[in-house]
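Engineer: Let me begin by handing over the structure; questions about it come next.
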Amino acid sequence: MAQHLIDLRVFADGAGLARAAAEECARRAAEAVRLRARVSIALSGGSTPRRLFTLLADPREPFRDRIDWRAVHLFWGDERHVPPDHPESNFRMVRETLLEAVEISEENVHRIHGEEPDAARAAALYEDELRAFFTGEPRFDLVLLGLGADAHTASLFPGTAVVRERERWVAAPWVETLGSFRITLTPALLNRAEALIFLVQGEEKAAALRAVLEGENDPDRWPAQVIRPENGELVWMVDGAAAGGLTK
Ligand code: 6PG
């Protein structure tokens, strides 16, 4: 990756990572609401953010009550091509870990309709919803991202054309390695965000993290490299195990 300062924060373990991420989310959400009376957040899927969402939802923790959930608009960075109650649904994961515990209005929960038989139609519908929401500059206040062991992020997988998408905001790539479609926000929209935070946990991610941060610039091979905010912050929050392969 081009030699510029990377905001990389390393935490002892997943618990420390999740707690620091909850602090970041609460702080940035409160700031956005203070400045713009609403906050738009695109959530990552997979397993890593579960702990963060559980912390944000927990009334005993110092996060939930700092966020004005009535002003929060939740979006998804990507979704599996499954119904919302499917075990693999990213929406379901967030519903179970967060939505059921916070006072957010249904119309502020902008889920990707993974149940649409035609994945391309699901992507087009979501793009319409985003274009209706972002009347001005399409700029998320915060985007949460994960990193796969193959260096994919959202559903931008190695060797897929969507990694280089510059026009559409949402796409439905066929992912050969998964044998299924995914619906994902594209770099064209992600890179316009105010802030993007990667949450990366576990030894199995060490090689991918090293390749993305220290390897040659090759986003087709390491798609997370395509995340370069045009005019925003990029923060890597990782645990020690994931950072284990870094040399610099
Ligand atoms: C998804 C995600 C994906 C995820 C990575 C990491 O739908 O799977 O959005 O990009 O963030 O695959 O997943 P884990 O956190 O489960 O390792």
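Engineer: Using a 1.4 angstrom probe and counting only protein chains, how large is the accessible area of Arg210 in Å², to 10?
Structural biologist: Counting only protein heavy atoms, the figure is 110 Å².
Engineer: Note the direction-averaged projected area, equal to a quarter of the hull surface, for the Cα convex hull of the stretch 135-248, in nm².
Structural biologist: 7.1
Engineer: Once you charge only the Cβ atoms, +1 for Lys and Arg and -1 for Asp and Glu, what is the size of the charge dipole of the stretch 184-228 about its Cα centre, to the nearest 20 debye?
Structural biologist: Dipole of the stretch 184-228, to the nearest 20 debye: 160 debye.
Engineer: Through the Karplus equation 6.51 cos²θ - 1.76 cosθ + 1.60, θ set to phi - 60°, convert the phi angles of the stretch 22-36 into ³J(HN,Hα) values in whole Hz; use x for Gly and Pro.
Structural biologist: 5, 4, 4, 4, 5, 5, 5, 5, 4, 5, 5, 5, 4, 7, 10
Engineer: Ok, one more. For the chain, what is the charge dipole size about the Cα centre, in debye to the nearest 20, if Lys and Arg each add +1 at the Cβ and Asp and Glu each add -1 at the Cβ?
Structural biologist: Result for the chain is approximately 480 debye, rounded to the nearest 20.
Engineer: Also: If Rh is defined by the Kirkwood formula over all Cα pairs and Rg also comes from Cα, what ratio Rg/Rh do you get for the stretch 131-185?
Structural biologist: On the Cα set of the stretch 131-185, Rg over Rh gives 1.00.
Engineer: Of the options His86, Phe181, Val143, report the single residue whose Cα projects farthest towards the positive end of the charge dipole of the chain (beta-carbon charges: Lys, Arg +1; Asp, Glu -1).
Structural biologist: Sorting the options by dipole projection puts first Val143.
Engineer: Leaving out ligands, DNA and RNA but keeping every protein chain, what accessible area does Glu107 have, in Å² rounded to the nearest 10, with a 1.4 Å probe?
Structural biologist: 130
Engineer: For the chain, just list the percent of Cα-Cα distances falling in each 5 Å bin from zero outward, please.
Structural biologist: 1, 7, 14, 19, 21, 18, 13, 6, 1, 0
Engineer: Probe radius 1.4 Å, ligands and nucleic acids ignored: give me the carbon and sulfur share of the accessible area of the stretch 65-223 as a rounded percent.
Structural biologist: That fraction is 47 percent.
Engineer: Nearest 500 deg cm²/dmol is fine: what mean residue ellipticity at 222 nm does the chain get from its DSSP H runs of n ≥ 4 alone, each adding -39,500 (n - 2.57), divided by its residue count?
Structural biologist: Result for the chain, helices only: -8500 deg cm²/dmol.
Engineer: Choose one of Ala172, Pro117, Ala26: the residue whose Cα lies farthest towards the positive end of the charge dipole of the chain (beta-carbon charges +1 Lys, Arg; -1 Asp, Glu; about the Cα centre).
Structural biologist: Among Ala172, Pro117, Ala26, the one farthest towards the positive end of the dipole of the chain is Ala26.
The values are calculated or read from the model by the stated rules, or taken from the named source; none is laboratory data. What you are looking at is a predicted structure, and each value in this text was computed from that prediction instead of being measured. Methodologically, a virtual Cβ is constructed for each residue, glycine included, from the backbone with ideal geometry; neighbour enumeration extends over all protein chains shown. Note: accessible area is taken over every heavy atom of the protein model, side chains too, but ligands, DNA and RNA are not part of it. Shrake-Rupley method; radii C 1.70, N 1.55, O 1.52, S 1.80 Å.
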